[in-house]
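Below is one structure, written out as structure tokens; the observations come after it.
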Amino acid sequence: MIRMASRHKSKYLIIAPMMLIVLMLIGCSGGGASREILIDGSSTVFPISEVVAEEFRKENPGIQIPLGISGTGGGFKRFVKGETDISDASRPIKDSERTEAAENGIEFTEFTIAYDGLSVVIHSSNDFATCLTAAELKKIWKPNSKVNNWNQIRDDFPDRVLRLYGPDSDSGTFDYFTDAINGDEDLSRGDYTASSDDNVLVQGVSGDQASMGYFGFAYYTFNRHVLNVIAVDDGDGCVAPSAESINDGSYSPLSRPMFIYVNNESLERPDVKSFIEFYLNNASELAALVGYVGLPEVEYETQLGLLD
Amino acid sequence: MNKPNMLNRSRNTWHTIRVWRDRLFVVGFVMSVAIGILGLAALLIDILADGLPYLNWNFISSYSSYEPTEAGILGPLGGTLWIAGLTALFTIPLGVGTAIYLEEFATKNRLNRLIELNIANLAGVPSVIYGLLGLAMFVQFLFGGSRNVTAGALTMTLLVLPIVVIASQEAIKAVPASYRDAAYAMGANRWQVVKSVVLPQAMPGMMSGIILALSRAIGESAPILIISSLVVVTFVPTTPDSSFTVLPLQIFTWIGHQNPEFRGIAAAAIIVLLGLLLTMNGIAIWIRNKYQVRPEQ
């Protein structure tokens with residue numbers, strides 16, 4: 001074949017190296033100097049951080065606060081490598097995660113920002129189950145439980161099939177409920193309708209007369225009109241989840257604290273520090289907006305003291 | 001041998017059977033089409049009913065909010081357009097180049113057949129796998145942990161590259177061999193044939209493949225969930241190393257929101273995403289029709 005020199009050849013050949021150069025430039029500037037407050041972690045805590053970040057930005061529009069929902073564990077994985085400034089968590093940091101942070105030279109501060117009250121809910125037409133003891137809940141939810149009719153829970157309940165709905169085993173809500181009711185994280189019967197999407201559980205329970213399920217207080221708050229909630233008796237009488245009973249700790253054992261973890265190096269930045277101050281000063285009011293419950297005022301003040 | 005009248009009867013019976021079989025298949029095909037159309041119609045009506053009340057200019061031009069009345073999609077819309085743009089920038093030269101090499105330059109040996117087989121197989125790999133690959137290769141290795149929009153676009157490039165390669169190969173294969181022969185006969189070399197004869201002819205087919213691949217890229221959520229992990233972004237990315245989120249991820253977050261009103265907001269975002277996809281597919285069809293040069297008979 002005859003080869004002919006083509007003057008257009010170089011034009012086309014140059015595209016590929018140019019792309020590589022662009023990539024390399026970006027690669028060098030990667031992890032760049034953007035002044036963002038990066039938050040990742042629990043999807044349960046996310047709504048509070050979201051509302052706080054939005055209100056904070058109304059006063060400080062120059063500061064960007066992107067938020068992620070990698071889950072408590074997923075958030076800590078990034079946090080202990082120093083990838084994020086703040087990690088939302090629906091459980092305290094584990095020792096293994098603490099060790100990993102120490103190995104990477106990451107120091108952090110823990111703040112408790114609000115409470116959630118896991119709510120046990122039933123169909124709105126169910127008027128007989130108003131209160132259950134923690135022991136009765138355990139009888140229903142323990143591993144290999146054979147309870148599948150309401151009259152097996154209590155003799156005076158009617159003969160009606162019981163169908164269960166709950167979060168799947170990846171969820172922090174599942175961990176907390178099984179720990180509080182069954183005595184150990186992850187111990188649970190497996191034959192219930194499980195979903196990681198709480199709205200699916202709301203749909204399931206509100207559309208099934210025989211239902212019982214549990215999820216975070218916020219999802220009950222926003223769906224009160226289609227659900228009934230069960231009061232829980234932990235030995236001191238029946239207490240239904242409400243802003244008051246969760247706040248003063250009388251809704252037990254299903255109240256749980258929620259945390260944010262802040263990288264100490266980030267905390268030295270004025271933008272992060274003022275964000276945390278804003279968070280603690282407004283968490284009580286803003287948490288209520290999205291269906292959670294604030295701490296007693298004094299606990300925020302104590303934590304604000306940690307900042308100085 | 002059959003007698004003639006036997007043969008005729010047999011022919012008549014066969015004819016009736018064939019007519020009925022024909023009708024049966026037509027009914028079957030119409031029903032399959034109807035199921036698809038009805039499903040799509042139900043989806044569209046449901047989404048439009050839920051989402052239209054929330055769809056206004058404010059929704060397009062404002063950022064995410066915890067208040068459904070103020071929530072908008074500017075952040076993820078910007079991210080989606082960045083992903084589409086950068087993915088196009090990376091995919092087009094790589095995909096078209098691969099196709100040209102495989103069709104025009106590579107000899108048909110065992111190695112090249114293996115490469116082609118693998119490209120076809122790659123098109124079927126679940127998208128979340130590409131997300132994990134992108135996380136390891138681009139985010140951790142190339143960008144040192146920065147989850148930027150370029151890492152997202154490179155991941156999407158891996159995801160849609162097989163589609164572009166296969167579509168471009170088909171487009172190149174469709175160029176008649178006589179065109180190439182004519183060019184060779186005029187004394188052109190292989191590259192000149194590719195540049196001046198094959199590429200212009202194959203361009204409409206390639207473009208439709210590329211745009212369909214980009215539509216796929218902006219509709220994906222699983223890999224981006226892994227790469228970006230962000231669901232609230234109150235800015236439009238301004239540089240290729242900016243953090244970002246995309247529309248499907250925003251929709252996913254809103255559907256799971258504890259406030260049920262966000263399902264309407266999610267539906268409105270779905271309408272925007274559908275609109276974007278329809279526009280892109282429309283452009284693909286338009287390009288194909290505009291530039292398709294019909295060979296003169």
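Inspect all residues belonging to segment B:95-104 and state whether any of them is without any contact (Cβ under 8 Å) to a residue 60 or more places away in the chain, closer than 23 Å to residue B:211 by Cβ and assigned by TED's automatic domain parsing to the domain that holds residue B:219.
Initially, segment B:95-104 is screened for residues without any contact (Cβ under 8 Å) to a residue 60 or more places away in the chain, giving B:97, B:101.
Restricting the remaining residues to those that are closer than 23 Å to residue B:211 by Cβ gives B:97, B:101.
Those still in the list that are assigned by TED's automatic domain parsing to the domain that holds residue B:219 too: B:97, B:101.
Scanning segment B:95-104 turns up at least one residue that is without any contact (Cβ under 8 Å) to a residue 60 or more places away in the chain, closer than 23 Å to residue B:211 by Cβ and assigned by TED's automatic domain parsing to the domain that holds residue B:219.
Go through (1) assigned to a helix (DSSP H, G or I); (2) over 30 Å from residue B:147 (Cβ atoms); (3) within 25 Å of the chain's Cα centre (by Cα) one by one and return the number of the condition residue A:121 breaks.
Evaluating residue A:121 over (1) assigned to a helix (DSSP H, G or I); (2) over 30 Å from residue B:147 (Cβ atoms); (3) within 25 Å of the chain's Cα centre (by Cα) leaves (1) as the failure.
Which of the residues that make up segment B:49-80 are aliphatic (A, V, I, L, M), more than 14 Å from chain A (Cβ to nearest Cβ) and surrounded by 18 or more Cβ atoms within 10 Å (Cβ to Cβ)? Quick ask: steps written out before the conclusion?
Here is the first cut: in segment B:49-80, the ones aliphatic (A, V, I, L, M) are B:49, B:52, B:55, B:60, B:71, B:73-74, B:77.
Next, only the ones that are more than 14 Å from chain A (Cβ to nearest Cβ) stay: B:49, B:52, B:55, B:60, B:73, B:77.
Once the filter is applied, which keeps residues that are aliphatic (A, V, I, L, M), more than 14 Å from chain A (Cβ to nearest Cβ) and surrounded by 18 or more Cβ atoms within 10 Å (Cβ to Cβ), segment B:49-80 yields B:55, B:73, B:77.
Condition check: modelled with pLDDT of 90 or more, in a helix (DSSP H, G or I) and either touching a strand residue (DSSP E or B) at 6+ places or on another chain (Cβ under 9 Å) or not assigned by TED's automatic domain parsing to the domain that holds residue A:239 (or both). Does residue A:200 satisfy that?
For residue A:200, the condition - modelled with pLDDT of 90 or more, in a helix (DSSP H, G or I) and either touching a strand residue (DSSP E or B) at 6+ places or on another chain (Cβ under 9 Å) or not assigned by TED's automatic domain parsing to the domain that holds residue A:239 (or both) - is not met.
Provide a single number: the residues in segment A:91-113 that are within 14 Å of chain B (Cβ to nearest Cβ) and surrounded by 15 or more Cβ atoms within 10 Å (Cβ to Cβ). Full working, then the answer.
Quick first cut of segment A:91-113, residues within 14 Å of chain B (Cβ to nearest Cβ) only: A:104, A:106.
Subsequent filtering for residues that are surrounded by 15 or more Cβ atoms within 10 Å (Cβ to Cβ) retains A:106.
Here the count works out to 1.
Considering only segment A:175-192, I want to know if a residue exists there that is assigned to a strand (DSSP E or B) and either over 15 Å from the mean Cα position of the chain (by Cα) or touching a residue at least 40 places away in the same chain (Cβ under 8 Å) (or both). Quick ask: steps written out before the conclusion?
Going through segment A:175-192, the residues assigned to a strand (DSSP E or B) turn out to be none.
No, segment A:175-192 has no match at all.
Across segment B:123-137, what is the number of residues that are small (Gly, Ala, Ser) and not in a helix (DSSP H, G or I)? It would help to see each step written out before you state the result.
First, the residues of segment B:123-137 that are small (Gly, Ala, Ser): B:123-124, B:127, B:131, B:134, B:136.
Cutting the leftovers down to not in a helix (DSSP H, G or I) gives us B:123-124.
So the answer is 2.
Restricting attention to helices (runs of 4 or more DSSP H) lying wholly within segment A:27-113, give those where 3 or more residues are assigned by TED's automatic domain parsing to the domain that holds residue A:283, out of contact with any strand residue (DSSP E or B) (no Cβ under 9 Å at 6 or more places or on another chain) and among the acidic types (Asp, Glu). Steps first, answer last, please.
Working: elements: A:46-59, A:71-79, A:95-103.
The qualifying helices (runs of 4 or more DSSP H) are A:95-103.
Which ones in segment B:142-154 are closer than 21 Å to residue A:85 by Cα and either modelled with pLDDT under 90 or aliphatic (A, V, I, L, M) (or both)? Step through it out loud before you land on a result.
First pass over segment B:142-154, keeping only residues closer than 21 Å to residue A:85 by Cα: B:143-149, B:151.
Correct list: B:143, B:144, B:145, B:146, B:147, B:149, B:151.
The values are calculated or read from the model by the stated rules, or taken from the named source; none is laboratory data. None of these values were measured; they are calculated from a predicted model. A quick note on method: Cβ atoms are made from the backbone with ideal geometry, for glycine too, and the neighbour counts reach across all protein chains shown.
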